[in-house]
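A short write-up of the structure that comes next.
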Number of protein chains: 2
Amino acid sequence: MQTREKEALDGETLSEAAYKRLRRDIIIGARPPGERLRIEKLKAIYAIGPTPLREALQKLAQDGLVLSEGNRGFTVAPLDPAEFNDLNVARTAIEKEALRLSIQRGGDVWEARVVAAAYIMSKEDAALAAARDSVTDSWERANTEFHAALVSACGSNWLLRVRAGLHDLCERYRRVSVYQKLGSRDLATEHAEIAEAAIARDADRACNLTEQHFALTASALAESDFSGDGRHLDRRTA
Amino acid sequence: MQTREKEALDGETLSEAAYKRLRRDIIIGARPPGERLRIEKLKAIYAIGPTPLREALQKLAQDGLVLSEGNRGFTVAPLDPAEFNDLNVARTAIEKEALRLSIQRGGDVWEARVVAAAYIMSKEDAALAAARDSVTDSWERANTEFHAALVSACGSNWLLRVRAGLHDLCERYRRVSVYQKLGSRDLATEHAEIAEAAIARDADRACNLTEQHFALTASALAESDFSGDGRHLDRRTA
DNA sequence: GAATTGCGATATGTCGAGAAAATGAAGCTG
DNA sequence: CAGCTTCATTTTCTCGACATATCGCAATTC
């Protein structure tokens, strides 16, 4: 009886724990793009031995969040506008297909989840428009759930898995972008319209809106000049 | 496209070597679906220590070719018809989008590559139709290159990366399927028509043909009863 | 004075052994 | 006889230390 609960918490291997913690730290920007990830340093920070750390880094490299060079160690993947466009093309294609399938196949529980996510999202969008400081984490959570809810009924776990991976890769860019071009966008309306079209089962409209939604983020980001060149910059302004 | 030949071999990490060898062995079926991958055993087979092996297995788990369970080791991912359908939905969506973009953006070198790949493919298709025994490897290579050539000009490295991953996952299924339902298909014509439509810049037709092409493989496989249950492990038969 | 080359220092990659966990079987209890 | 507990075996996971490769620096040579 206790075993189950303890397993879920304690039974996690250090390798998995390191993977999750590193992943999160990279996505939120705690480990800036281009930073070299030396094992000794990470060992001190996370209090984990070299083996689990290496395993975590290999997995992250497979995800595309970390670059692994031959015998030259690991670095946080740099942030490059060109690569984001690239990434966005792939993400948009997958999101549209998943959305179309989801609208086609979704039932009551799907609708309910979308409605609930849209409700939260509207609140977060409003909060973000008002004060753009401490909202990020909860806004990102809401945004993630909002889009995840929309495609959740698509019926293909692999489509969802790929989508989730690309979503996470984009999140790093998004966290840089959202602040900068915030004034000129009406995220609340964009999100509301997408949800509305999805519930109304208007797949074409929902897909078009989503495409525009992603494209706006992409164009906003194209103008951003985040210094993600690959040089190891130690600190960034929070 | 590969890097320097000798350095790539000498400077290659054991971890990478193990990854490549295991990956290939799993895809071609040398390590059957459901097989438990015990470290000690692999150590003996590949003459590599536990650490590089574990790193390779973690990466393969990230790819979806291997399942990694908590403290219970690794197993080759089972082959399940339902999952193949799932996989095929994702693959079809991505392939179609990449193909559309590629047809739109491809230039002379792209056309040349497609023509060349189609030429090889026609020969391999003919050979496969004639004698269905030892053709597999070269046929698979041709098939891989054929479809890769078609989408190569899509302009998004991430789209290609995701596509390649799904392609590899499907290859295991394909290797089981192609033989069984071979008689009822005309692969040569299917491939030729796709290439023709692509060169003619008829994106809609090329996408539709590709979708059918994939769907045929999927339906052929749905009837196959490969024992990918995870049952027949390396357990000695009583 | 510039380029090269050899050497030292740092970091990465790999191995073997030990700790933690799971599996399976025997023994005990009701 | 069934179900639970206990214990031994097997396997996985983690750590520390060694071997190997890379990078920076200084000395040497043309």
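The values are calculated or read from the model by the stated rules, or taken from the named source; none is laboratory data. Here the structure is a predicted model, which means the values were calculated and not measured. Note: ideal-geometry Cβ built from the backbone for every residue, glycine included; neighbour counts use all protein chains shown. For accessibility, only protein heavy atoms count, side chains too; no ligands or nucleic acids. Shrake-Rupley method; radii C 1.70, N 1.55, O 1.52, S 1.80 Å.
For this structure, a couple of remarks:
- Flag for B:E5 being surrounded by fewer than 21 Cβ atoms within 10 Å (Cβ to Cβ), at pLDDT 95 or above and more than 28 Å from A:A17 (Cα to Cα): no
- Residue that is farthest from the chain's Cα centre (by Cα), among those in the stretch B:25-41 that are open to solvent by 30 Å² or more (accessible area, probe 1.4 Å) and within 15 Å of DNA strand C (Cβ to nearest atom): B:E40
- Applying the condition of being outside any loop (DSSP other than H, G, I, E, B) and of a type in the set (A, V, I, L, M, F, W, C) to the stretch B:42-53 and asking which residue is farthest from DNA strand C (Cβ to nearest atom) yields B:I45.
- Qualifying residue in the stretch A:105-112 (condition: within 14 Å of chain B (Cβ to nearest Cβ), touching a residue at least 24 places away in the same chain (Cβ under 8 Å) and touching a Cys at 6+ places or on another chain (Cβ under 8 Å)): yes
- Count of residues meeting criterion [more than 13 Å from chain A (Cβ to nearest Cβ), outside any helix (DSSP H, G or I), more than 23 Å from A:Y19 (Cα to Cα) and of a type in the set (D, E, K, R)] in the stretch B:11-41: 3
- Residue match in the stretch B:156-168 (condition: open to solvent by 50 Å² or more (accessible area, probe 1.4 Å) and modelled with pLDDT under 90): no
- Taking first residues from the stretch B:185-210 that are in a loop (DSSP other than H, G, I, E, B) and partners that are surrounded by 15 or more Cβ atoms within 10 Å (Cβ to Cβ), the Cβ contacts under 6 Å between residues at least 6 apart in sequence or on separate chains come to B:R201/B:I103.
- Pick from the stretch A:54-70, criterion within 7 Å of another protein chain (Cβ to nearest Cβ) and within 12 Å of DNA strand C (Cβ to nearest atom), ranking: surrounded by the fewest Cβ atoms within 10 Å (Cβ to Cβ): A:G70
- All conditions but one from (1) more than 8 Å from every other protein chain (Cβ to nearest Cβ); (2) closer than 18 Å to A:Y173 by Cβ apply to A:D86; the one that does not is (1).
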